[in-house]
Amino acid sequence: MDDKPMYEFRAFGQDLDATEGRINDLAKPEVPSEVSELYLLSAAHSDVNAKVKRGHLDIKRRMETRANFDHWKAVVKDVFPVPVKVLQMEVFPMLGVVIPDFRREEYTFEQFMDELVVPHPEIKVVNVIKQRRFYSFNHCSAEVSNVYVNGAFIKSISIESTDLEALLETRKQLDLSARENVSYTTVLKRLVGMELMPGFKY
C-alpha cells in the first residue's frame with residue numbers, strides 16, 4: 001500500500017483557458033461530474049477545509065507545504081446524524097470559533113445547519129457548485145472545474161500526486177509555475193470579502 005502523502009497545487013482565475021487546452025492536449029477527460037457543497041468558513045483558519053456534501057461532513061487540514069504544493073489530510077468524515085462529541089471536540093475547535101451550546105446527542109444535517117452553523121456569528125456558509133473533469137498524465141491527476149460560488153463563476157485547475165518531481169515538471173509544462181497555489185478555503189474567503197488579496201493596499 002502506498003502511504004506517501006498526496007500533494008496538490010490549485011489555481012483559480014478567469015484566465016485559465018490556455019492551461020485547460022494544454023491539459024486536453026495531454027489526456028482525455030474521464031466522465032465529468034457535478035457536485036453541490038456547502039463550505040463552512042471562519043476568519044480564524046485557512047488551513048482547514050470544512051464542507052458538507054451528499055449527507056457527509058468532511059473536514060481536511062493542511063498538514064504541510066513543500067515546494068509550493070500542499071499536503072491535505074482528511075481529519076473528519078462523518079455521515080449525518082453526527083454525534084455531538086465530534087462537533088464539540090473536533091469540528092468547532094478546528095474552525096477556531098466559539099463552541100455553541102449543544103442540546104442534542106446527535107445532529108441531523110438540518111439540525112446542524114439550522115441550530116449550530118447558520119446562527120453562528122463566526123461562521124459564513126458559502127454554496128459551491130463544481131462541474132469537474134478529471135485527467136491522468138505524467139504520474140499526476142488533474143482536475144479542471146467550472147466553479148459557481150453563490151452563483152458567481154470562477155475556473156479552477158489542480159494537479160496532485162505523491163511524486164513531487166512529477167508535480168514540478170507538470171506544473172512547469174502547464175505554465176503554472178508563476179501562479180499562486182491557493183486552496184478552496186482561501187479563495188472563497190476572498191470572494192465573499194473575509195480576506196484580502198495578497199498585496200492589496202487601501
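The values are calculated or read from the model by the stated rules, or taken from the named source; none is laboratory data. On a predicted model such as this, the values are computed, not experimentally measured, just so you know. No Cβ is skipped: glycine too gets one built from the backbone with ideal geometry, and neighbour counts run over all protein chains shown.
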Inset, instruction - Mind telling me which of the residues Asn150, Asn127 ends up being touching a Ser or Thr at 6+ places or on another chain (Cβ under 8 Å) and either modelled with pLDDT of 95 or more or under 28 Å from Asp3 (Cα atoms) (or both)? - result: Asn127
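When you look at Ala166, is it among the hydrophobic types (A, V, I, L, M, F, W, C) and either outside any loop (DSSP other than H, G, I, E, B) or crowded, with 16+ Cβ neighbours inside 10 Å (or both), yes or no? Outline the logic, then answer.
Details: among the hydrophobic types (A, V, I, L, M, F, W, C): yes; either outside any loop (DSSP other than H, G, I, E, B) or crowded, with 16+ Cβ neighbours inside 10 Å (or both): yes.
So Ala166 fits the description; yes.
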Inset, instruction - State yes or no: is Lys85 over 18 Å from His56 (Cα atoms), over 20 Å from the mean Cα position of the chain (by Cα), among the basic types (Lys, Arg) and in a helix (DSSP H, G or I)? - result: no
Legend entry - the stretch 169-200, subset part of a loop (DSSP other than H, G, I, E, B) and of a type in the set (A, V, I, L, M), residue farthest from Val147 (Cα to Cα): Ala178
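For the stretch 14-51, which residues satisfy the criterion of being among the small types (Gly, Ala, Ser), under 21 Å from the mean Cα position of the chain (by Cα) and not in a loop (DSSP other than H, G, I, E, B)? Explain how you work it out, then say what you get.
Going through the stretch 14-51, the residues among the small types (Gly, Ala, Ser) turn out to be 18, 21, 27, 33, 36, 42-44, 46, 50.
If we keep only those that are under 21 Å from the mean Cα position of the chain (by Cα) as well, we get 33, 36, 42-44, 46, 50.
Hits for the stretch 14-51 are Ser33, Ser36, Ser42, Ala50.
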Inset, instruction - Answer with yes or no whether Glu180 is more than 21 Å from Thr19 (Cα to Cα), surrounded by fewer than 20 Cβ atoms within 10 Å (Cβ to Cβ) and either in contact (Cβ under 8 Å) with a residue 40 or more places away in the chain or of a type outside the set (Asp, Glu) (or both). - result: no
Inset, instruction - Give the stretch 36-53 a look and list any residue that's surrounded by 13 or more Cβ atoms within 10 Å (Cβ to Cβ) and out of contact with any Leu (no Cβ under 7 Å at 6 or more places or on another chain), or say none. - result: Glu37, Leu38, Ala43, Ser46, Asp47, Asn49, Lys53
Inset, instruction - Run His139 past the list (1) closer than 16 Å to Ile23 by Cβ; (2) buried (at least 16 other Cβ atoms within 10 Å of the Cβ) and report the number of the one that doesn't hold. - result: (2)
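Which one of these is charged (D, E, K, R) and without any contact (Cβ under 8 Å) to a residue 40 or more places away in the chain: Glu169, Glu160, Glu122?
Values: Glu160 fails: without any contact (Cβ under 8 Å) to a residue 40 or more places away in the chain; Glu122 fails: without any contact (Cβ under 8 Å) to a residue 40 or more places away in the chain.
Residue meeting the stated conditions: Glu169.
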Inset, instruction - Filter the stretch 54-113 down to residues that are out of contact with any strand residue (DSSP E or B) (no Cβ under 6 Å at 6 or more places or on another chain), more than 21 Å from Phe9 (Cβ to Cβ) and among the basic types (Lys, Arg), then give me how many there are. - result: 4
Legend entry - Those residues of the stretch 131-165 which are within 15 Å of Gly13 (Cα to Cα), among the hydroxyl-bearing types (Ser, Thr, Tyr) and touching a Phe, Trp or Tyr at 6+ places or on another chain (Cβ under 7 Å), in sequence order: Ser156, Ser158
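Residues are listed down the side, and each one gets a yes or a no for (1) exposed (fewer than 12 other Cβ atoms within 10 Å of the Cβ); (2) in contact (Cβ under 8 Å) with a residue 40 or more places away in the chain:
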{"position": "Asp58", "(1), (2)": "no, no"}
{"position": "Val76", "(1), (2)": "no, no"}
{"position": "Val84", "(1), (2)": "no, no"}
{"position": "Val91", "(1), (2)": "no, yes"}
{"position": "Pro100", "(1), (2)": "no, no"}
{"position": "Glu110", "(1), (2)": "yes, no"}
{"position": "Met113", "(1), (2)": "no, yes"}
{"position": "Val117", "(1), (2)": "no, yes"}
Legend entry - For Val35: the one exception among (1) in contact (Cβ under 8 Å) with a residue 60 or more places away in the chain; (2) farther than 18 Å from Lys155 by Cα; (3) hydrophobic (A, V, I, L, M, F, W, C): (2)
